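Here, each number is a calculation from the coordinates, and none is a lab measurement. Owing to the predicted nature of the structure, the values given are computational and were not obtained by experimental measurement. Note that each Cβ is placed from the backbone with ideal geometry, even for glycine, and that neighbours are counted across all protein chains shown.
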Amino acid sequence: MSANLDGLAASLDDAARNAVAVPQLGATLTLDDAYEIQSRSVARRLARGERRIGMKMGFTSRAKMQQMGVSDLIWGRLTDAMIAEDGGQVRLTRFVHPRVEPEVAFLLRKPLAGIVTPLQALDAVEAVAPALEIIDSRYENFRFSLTDVVADNSSSSALTLGPWNAPGAPLDNLGLMLSIDGRVQAFGSTAAILGDPLRSLVAAARLVAERGEVLEAGQVVMAGGATAALELRAGMFVQLEMERLGRTSFIVGE
């Protein structure tokens, strides 16, 4: 099985690097297998010189959990090559099926892992920012199973980060607007992220510890989507405005 996991990791890494869709894995994989494929696939990126900068959370809405038939969150690894300039251009050719969703990002000031309380998680936070995540499944027709998506780094692809804000004020019900070309496409609230994005950070600490990892000081944790993801097309100007935290945006290039 080890050699097969290596092969699947290489296939998904090549699919992401070349922006070419591949079939679903079609293998009988456990969730542990899927996370091992993810780890090996991202390790190939790190070997090429990318640097690990944090993690993203997925399935942070109850509706999405029910849709996928799961009872827990999933997560993926972030690297520095995924960061796009706030207000800059993101080229469409980098992706297969790109979609964007509004999120809250945490910047950690000290390590965090294991079973922690919300207060302990908050104590580890240096700053909070509005964020846009571009998710991109590398599977044909944007169709995948739970193990497929986890193996594919939980659809991690790219992100922009807005201004960093001091932590401490409640994050559980901040209003937000996601607009395309100046027209609002989605209204929402950070309450859609497990009722409070801080709960996502608590879960992140638990989940990385289950894989023998630690969230390090200086790393970023993306808390999960606050609205449904919107499909991206060339020429779009995408902007998120989040109550109290500020704005972040990007232009979709060809």
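Mind checking which of 179, 156, 200 has the largest fluctuation in a GNM of the chain, springs on alpha carbons under 10 Å?
Of 179, 156, 200, the most mobile in the Gaussian network model is 179.
Using +1 at the Cβ of each Lys and Arg and -1 at the Cβ of each Asp and Glu in the chain, identify which of 118, 145, 226 lies farthest towards the dipole's positive end.
Checked the options; the winner is 226.
Tell me, 79, 160 in order of fewest to most beta-carbon neighbours within 10 Å?
Result, fewest neighbours first: 79, 160.
Express in nm, to one decimal, how much length is gained between residue 93 and residue 52 on full extension, taking 0.36 nm for each residue of separation and deducting their alpha carbon distance.
Between residue 93 and residue 52, full extension yields 12.5 nm more.
Going 7 Å from the Cα of residue 127 in the Cα-to-Cβ direction, what parts of segment 230-254 have a backbone nitrogen less than 15 Å from that spot?
Residues 245-248 qualify, since their backbone N sits under 15 Å from the label point.
Taking the Cα centre of the chain as origin, sum charge times position over the Cβ atoms of Lys and Arg (+1) and Asp and Glu (-1), and report the length of that vector in debye to the nearest 20.
Computed charge dipole of the chain: roughly 140 debye.
Karplus couplings for segment 113-124 from phi (6.51 cos²θ - 1.76 cosθ + 1.60, θ = phi - 60°), rounded to Hz, Gly and Pro as x?
Those phi angles translate into 6, x, 7, 10, 8, x, 5, 5, 5, 4, 5, 8 Hz.
Which three extents, in angstrom, do the Cα atoms of segment 78-131 have along their principal axes, listed largest first?
41, 21, 19
Would you pull out the residues with amide H under 5 Å of residue 75's amide H, same chain only if 5 or more places away, H placed 1.01 Å from N?
Hits under the 5 Å cutoff: 58.
Could you work out the pair-distance distribution P(r) of segment 111-170 from its alpha-carbon pairs, with 5 angstrom bin width and percents rounded to whole numbers?
Going out from 0 Å in 5 Å bins, segment 111-170 shows 4, 15, 16, 13, 16, 18, 11, 6, 1 percent.
Rg and Dmax of segment 2-253, using alpha carbons, in Å: what are they?
Cα-based Rg and Dmax for segment 2-253 come out at 16.9, 49 Å.
Please list, in order along segment 239-254, the HN-Hα scalar couplings obtained from phi with the Karplus expression 6.51 cos²θ - 1.76 cosθ + 1.60 (θ = phi - 60°), rounded to whole Hz, x for Gly and Pro.
9, 10, 10, 10, 3, 6, 8, x, 10, 8, 7, 7, 10, 8, x, 7
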